[in-house]
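Novice: One structure, pasted below without further comment.
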Amino acid sequence: MITATIKQIKDELKYKEKEELVELCLSLARFKKESKELLTYLLFEAQDEASYISGVKAEITEGFMDMNTSNIYFVKKSVRKILRETKKYIRYSKNKHTQAELILHFLYELKNAGSYLKKSTQLKNLYNRELLSTKKVIKSLHEDLQFDFEVQLKELTV
């Protein structure tokens, strides 16, 4: 089966009735968990970005508290999983402010999780890579927000 382009899908959706569109959305959400999560964000959480951010921050904090610390391998695996989930939530929002705030919270939690940054070169590299990407995102924000985030960045610089 050949997948249609976004333009083709958009043109075809213009001709569908409201009930058909609802059915298409529901069938889309039924097959993929990420589609259901995206629809949940768009329908219920997109209007209140602040509560969305606080909810995701709570999930990040919980992920670090539940992290398996018996071995550095499990720590690295858990950190990558938390980062992957964080980036998924950022992708739903598409908001640069949200991205900066969530990644800064992730970096704060990683820095305070213990001495793992000193023990693992991979975690140190991951930390520095995310720090650099966050700096780029912050430069694209409004000047007042840039200043606030720059202060947080200085605290996180290792």
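Since every read-out is calculated from the coordinates, none of them should be taken as a lab result. Just so it is clear, the structure is predicted and the values come from calculations on it, not from any experiment. Cβ placement follows ideal geometry from the backbone for every residue including glycine, while neighbour counts extend to all protein chains displayed.
Novice: Quick check: the angle from helix 121-139's long axis to the longest principal axis of the chain, C-alpha only, nearest 10 degrees?
Specialist: Roughly 60 degrees between the two axes.
Novice: Given N residues in the range 102-158, what is its alpha carbon radius of gyration divided by 2.2 N^0.38 Å?
Specialist: Values: Rg = 11.7 Å, N = 57, 2.2 N^0.38 = 10.2 Å.
In units of the globular-protein estimate, the range 102-158 measures up at 1.15.
Novice: A further question follows. Before anything else, pin down the relative contact order of the range 34-156: Cα pairs under 8 Å, at least 6 apart, normalised by residue count, whole percent.
Specialist: On the way: 90 pairs, mean separation 29.4, N = 123.
Computed over the range 34-156, the figure is 24 percent.
Novice: Grab the other residues whose beta carbon is less than 12 angstrom from that of K16, score K and R as +1, D and E as -1, and report the net.
Specialist: Working: positive: K10, K14, K18; negative: D11, E12, E17, E19, E20, E23.
Taking every Cβ under 12 Å from that of K16, the sum is -3.
Novice: Shifting gears a bit: Could you tell me how far the Cα centroid of the range 74-93 sits from the Cα centroid of the range 133-158, in Å?
Specialist: Computed from Cα coordinates, the inter-centre distance equals 20 Å.
Novice: So for M65, M1, fewest C-beta neighbours within 10 Å to most, what's the order?
Specialist: Numbers: M65 9, M1 3.
Lowest count first: M1, M65.
Novice: Right, another one. Against the globular-protein guess of 2.2 N^0.38 Å, express the Cα radius of gyration of the chain as a ratio, rounded to two decimals.
Specialist: 1.26
Novice: In a Gaussian network model over the chain where Cα atoms closer than 10 Å are linked, find which of K136, K94, K18 has the largest mean-square fluctuation.
Specialist: Checking each option, the largest mean-square fluctuation is seen for K18.
Novice: Summing Lys, Arg as +1 and Asp, Glu as -1, what charge do residues with Cβ under 15 Å from the Cβ of F64 carry, F64 excluded? Working shown, then result.
Specialist: Details: positive: K57, K76, K77, R80, K81, R84, K111; negative: E59, E62, D66, E85, E109, E130.
Residues near F64 contribute +1 overall.
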